[in-house]
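Every number here is computed from the coordinates shown, using simple stated rules; none is lab data. These numbers come from a predicted model, not from an experiment. Here the Cβ positions follow ideal geometry from the backbone for every residue, glycine too, while neighbour counts run over all protein chains shown.
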Amino acid sequence: MSRSESRWFGKSWHAPVNHPDYEIPIPQGEECSYCGIPFNSESQGVKFSSDDQFHENCLSVLIVGPEVAAFIERCRSAEAGEEQQEAGHG
Ligand SMILES: [Zn+2]
């Protein structure tokens, strides 16, 4: 079993990473490694063992690219409150 090196903070966004065991306090005042904007009490994000920490939105952009991230954002807005099927795309 591999050890997870990432932590998350803020309000859960219902992703697999949002395990209670890995929740940390929001690093308020520290800057996002992607956009440079400091985290505040409303921020949601992920922190890695490398000390890089990102807003949840910024992490999406890093992983899938800005176009797909914008698309996902629209899907989330449209399907707010509804369960989504696992894509299962690897
Ligand atoms: Zn950011």
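When the Cα positions of C58, P16, F71 are compared along the charge dipole of region 7-78, F71 comes out farthest toward the positive end, with charges on each C-beta of Lys, Arg, Asp and Glu.
Spin-label pair E23-F71: with each label point 7 Å from Cα along the Cα-Cβ axis, the two points sit 3.2 nm from one another.
Spin-label model, E79/F48: points 7 Å from Cα along the beta carbon direction are separated by 2.6 nm. Neighbours of K11, meaning other residues whose beta-carbon lies under 13 angstrom from its beta-carbon, give a summed charge of -3 when Lys and Arg score +1 and Asp and Glu score -1. Distant-in-sequence amide contacts of Q44, defined by a placed amide H-H separation under 5 Å and a gap of 5 or more residues or a different chain, comprise E56.
Excluding C35 itself, calculate the net charge of residues whose Cβ lies under 14 Å from the Cβ of C35, where each Lys or Arg counts +1 and each Asp or Glu counts -1. If you can, show how the numbers build up before the last one.
Details: positive: none; negative: E30, E31, D52, E56.
Charge balance near C35 sits at -4.
Expressed in whole Å with the largest first, what are the equivalent ellipsoid semi-axes of region 7-78 derived from the C-alpha gyration tensor as the square root of 5 times each eigenvalue? Don't skip to the end; give the middle numbers.
Details: eigenvalues 75, 43, 26 Å².
After diagonalising the Cα gyration tensor, the semi-axes are 19, 15, 11 Å.
Between Y34 and S12, the distance separating the two model label sites (each 7 Å from Cα on the Cα→Cβ line) works out to 2.2 nm.
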